[in-house]
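Novice: Okay, here's the structure, questions in a sec.
The values are calculated or read from the model by the stated rules, or taken from the named source; none is laboratory data. For clarity, every value in this text was computed on a predicted model and none was experimentally measured. Cβ coordinates were reconstructed from backbone atoms using ideal geometry, including for glycine residues, and neighbour counts include every protein chain displayed. To get the accessible areas, we keep the full protein, side chains included, count just its heavy atoms, and leave off ligands, DNA and RNA. Shrake-Rupley method; radii C 1.70, N 1.55, O 1.52, S 1.80 Å.
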Amino acid sequence: MCGIVGYIGYRNVTDVIFKGLTNLEYRGYDSAGLALRDENEIKIYKSLGKLVNLKNELEKRKSELKNPVSGIGHIRWATHGSASLVNAHPHTCNCGKLAVVHNGIIENYKELREELIKKGCIFKSQTDTETIAHLIAHEYANTKNLENAVRNSVKKLQGAYAICVMHKDSPDEIIGARKHAPMLIGIGENENFIASDTPAIIEYTKKTIYLDDNEIAIVTKNRVKITDINGNIIEKRIEILPWEPVSLSKLGYKHFMLKEIHEQPDVIRNELSGKLYDIDANVILNEVKLNAETLKNLNKIEIIACGTSLHAALVGKYIIEDLAGISVEVEASSEYIYRKTTTNASTLVIGVSQSGETADTITAIKQAKEKGAHILIITNRPDSNMARLADSLIPVNAGIEVSVAATKSYTAQLISFYLLAIYLAEIKTHTNKEYIKNLKHELIQVPAKIEEILSDTTQIQACAKQFSSYKNFIYIARGVNLATALEGALKLKEISYINATGYAAGELKHGPIAMLDETMPVLSILIPGGITYEKILSNSEEAKARNAKLIALTSSDDGNIANLFDAVIKIPKISEILSPAVACVPLQLLAYYIAEFLGKDVDQPRNLAKSVTVE
Ligand code: F6R
């Protein structure tokens, strides 16, 4: 949540920071602000809402700016204090000489605030961040050294922070510090950057240093010094970013979400290459660092994730149990961390996350690690904090995902689970070889089947138009596609704000059926050949009998489907076990087109953020 950019160098500082914030806007967008060092002063600009408002504010006041030489910027996703101008970052101290931007939550801010008020600090906002500004300003008054002032201050902070600080009397440096919130340094020639995520700097440099917890970066135009919390210099490795700037462009699509939906066939091909190239050969998954003997004896897996990644985990459970016969538990990270679990050294714990920065999942993974479990991380961000905790790391390589609603990272996670399940099944050797071979054959066909859906979306658009005025939806499915129903409903909810709920079809008559009438469409996922097809058909009949409008998502050629259902979204033929990888795509598109018809902000839905770095 929130985004930070800091810059010191020869370029137009305002442009660099504004561009950086634009590339981070998917992380949070309640308000934005920047502090610029200009003519020996710190000048602050803030605006409410989207970045375009900050652009207008800068434009309005452009005559005030002469030649800024450094600056820090922030986009906010409100935690402490409402989204308001006064709560927007940067925050300053009494004299306004210091500016700070912050991601994270300071847990002891109330106590610190009371102490600082007693010392004469005047607070203007309700944020925890303003406490940091006053704290550092106070330390600076004693030490006259910004680096030491930051160091002394962060020692007093409890909770999570990534901060970027500048001070009028310390003109040639910006200071960054982090604990439990991501922060990196971009290295340039005669310029350097600080950011909370790589898209902010990718246009200027691919050379990066990732800060670890309790590290402080002193960044000048020509030098980056990293120290630990006691001031000892740390030699850090420079890493080269894998992204290209072009991945941040919409490439002619109206929204990033639509572009990312269309990228899915290539993402899957890319993921399969090198791992599944011949259906007669075993799947290669060198990323799994447990030896074959350990995997053969493995009898418990726990998968921890949130949101869309949790839905991928549910598919993972189904297919690992089906193919490899290993018992799998799936749990939301936020639940896992607040109970006594039975995780132990013989458990394989899988963390799933597109961003690799989700605070709940990171905490859960750390807890599992402490219990001695082997940690396997499936993520789209091999450069993330979660990835660093991994004993085994499967990067899904979907390319950067800008739209807040996850699409291609979800299908990429699913493909990782299919590969993992087949890999485990081939090691366990008890699963029918022909079944696995057919599955591998079909898995290779998945990108082409998705392409078939993407090549003609008219039926999905028509369905979206027909149903966009409804306020409530129920998505039903059974078995492996229960996760597809949950994920389809989540997509609709998050980008169109329509109340959509995914249900196990068999559960419909145990309560939700009471809600059904002509105002509540029911979308059924029906994969013929699957063990639950007939059952879902009769669950749909039950809904019809209550006057609900019916939508079928199906690969069936059965003529009766068109009679029973009010709209039919056809998908190519596919076996039930693999169908989640294909069936999720029309549901992403249905959500997209409904949101589009309703004029919603598809890429940046309200109240959400791309990476949820607070618990
Ligand atoms: C929805 C979505 C979220 C995330 C969830 C967990 O489209 O993206 O539900 O899946 O916030 O985030 P990650 O996967 O980054 O751990």
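Novice: If you plug each phi of the stretch 73-79 into the Karplus form 6.51 cos²θ - 1.76 cosθ + 1.60 with θ = phi - 60°, what whole-Hz ³J(HN,Hα) values come out, in order, with x for Gly and Pro?
Specialist: x, 8, 10, 10, 10, 4, 10
Novice: Compare the Cα positions of Leu443, Pro382, Ala412 along the charge dipole of the stretch 251-452 (+1 at Cβ of Lys, Arg; -1 at Cβ of Asp, Glu; about the Cα centre) and return the one farthest towards the positive end.
Specialist: Pro382
Novice: Between Ile284 and Ile238, what FRET efficiency follows from the Cβ-Cβ distance if R0 is 25 Å, with the result rounded to 0.05?
Specialist: 0.25
Novice: Give me a comma-separated list of calculated 3J(HN,Hα) values for the stretch 526-535, in order, Karplus coefficients 6.51, -1.76, 1.60 applied at θ = phi - 60°, integers in Hz, x for any Gly or Pro.
Specialist: Result, ordered by residue: 10, 10, x, x, x, 6, 10, 3, 4, 5 Hz.
Novice: Specify the inter-centroid distance of the stretch 112-145 and the stretch 283-298, based on alpha-carbon positions, in whole Å.
Specialist: For the stretch 112-145 versus the stretch 283-298, the Cα centre distance is 52 Å.
Novice: Could I ask something else about it? In nm, to one decimal, how far is the modelled label at Glu451 from the one at Asn432, with both set 7 Å along Cα→Cβ?
Specialist: Result for the modelled spin labels: 3.0 nm.
Novice: Next up: In deg cm²/dmol and to the nearest 500, what is the mean residue ellipticity at 222 nm of the chain if only DSSP H runs of at least 4 residues count, each as -39500 (n - 2.57), divided by the residue total?
Specialist: About -11000 deg cm²/dmol.
Novice: Starting from the amide H of Cys93, placed 1.01 Å from N in the peptide plane, find each other amide H under 5 Å away whose residue is 5 or more places distant or on another chain.
Specialist: The list, which skips near neighbours in sequence, is Leu98.
Novice: With the Cα gyration tensor of the stretch 251-452 giving a ≥ b ≥ c as the square roots of its eigenvalues, does the rule (a/c under 1.5 for rounded; else a/b larger than b/c for prolate; else oblate) give rounded, prolate or oblate?
Specialist: oblate
Novice: Please list 3J(HN,Hα) in residue order for the stretch 383-388, calculated via the Karplus relation 6.51 cos²θ - 1.76 cosθ + 1.60 where θ = phi - 60°; whole Hz, with x for glycine and proline.
Specialist: Each residue of the stretch 383-388 in turn: 9, 8, 5, 5, 4, 5 Hz.
Novice: Collect residues whose amide H, placed 1.01 Å from N in the peptide plane, falls under 5 Å from the amide H of Leu523; neighbours closer than 5 in sequence don't count.
Specialist: Placed amide hydrogens put Ile474, Tyr475, Ile476, Ile551 under 5 Å from Leu523.
Novice: Going by amide H atoms built from the backbone, whose H comes under 5 Å of the H on Glu329, apart from near neighbours?
Specialist: Ile301, Glu302, Ile303
Novice: Additional query: Once fully extended, how much extra length lies between His80 and Asn214, figured as 0.36 nm per residue of separation less the alpha-carbon to alpha-carbon distance?
Specialist: Taking His80 through Asn214 to full extension adds about 46.0 nm, to one decimal.
Novice: Let me ask something additional. Rounded to the nearest 20 Debye, what is the dipole magnitude of the chain about its Cα centre when Lys and Arg each give +1 and Asp and Glu each give -1 at the C-beta?
Specialist: With Lys and Arg at +1 and Asp and Glu at -1, about 1240 debye.
Novice: Further, regarding this structure: Label point 7 Å out from Ser468 along Cα-to-Cβ: which residues of the stretch 490-521 have amide N under 17 Å?
Specialist: 492-499
Novice: Specify whether the C-alpha gyration tensor of the stretch 267-319 places it in the rounded, prolate or oblate class, a ≥ b ≥ c being the square roots of the eigenvalues: rounded for a/c under 1.5, otherwise prolate if a/b is larger than b/c and oblate if not.
Specialist: On the way: a/c = 2.23, a/b = 1.15, b/c = 1.94.
Verdict is oblate for the stretch 267-319.
Novice: Which parts of the stretch 284-326 would a label at Lys371 reach, counting a residue when its backbone N lies under 13 Å from a point 7 Å out along Cα-to-Cβ?
Specialist: 300-304
Novice: At 0.36 nm per residue, and after removing the present C-alpha to C-alpha distance, how many nm does the segment from Thr458 to Glu321 gain when stretched out fully?
Specialist: Between Thr458 and Glu321, full extension yields 45.6 nm more.
Novice: Moving on to the next point. About the Cα centre of the stretch 1-45, how large is the charge dipole given +1 on each Lys and Arg Cβ and -1 on each Asp and Glu Cβ? Please answer in debye to the nearest 20. Could you put the intermediate results ahead of the total?
Specialist: Numbers: 5 positive and 6 negative charges, 31 e Å.
Computed about the Cα centre, the dipole is about 160 debye.
Novice: Within the set of other residues whose C-beta is less than 14 Å from the C-beta of Thr519, count the net charge using Lys and Arg as +1 and Asp and Glu as -1.
Specialist: Here the count lands on 0.
Novice: Please state the shape class of the stretch 440-549: rounded when a/c is under 1.5, otherwise prolate if a/b exceeds b/c and oblate if not, all from the C-alpha gyration tensor.
Specialist: oblate
Novice: Using a cut-off of under 13 Å, list every residue of the stretch 507-530 whose amide N is near the label point 7 Å from the Cα of Glu541 along the Cα-to-beta-carbon line.
Specialist: No residues fall inside that zone.
Novice: Probe 1.4 Å, all protein chains in place: accessible area of Phe597 in Å², nearest 10?
Specialist: Estimated to the nearest 10 Å², Phe597 gives 90 Å².
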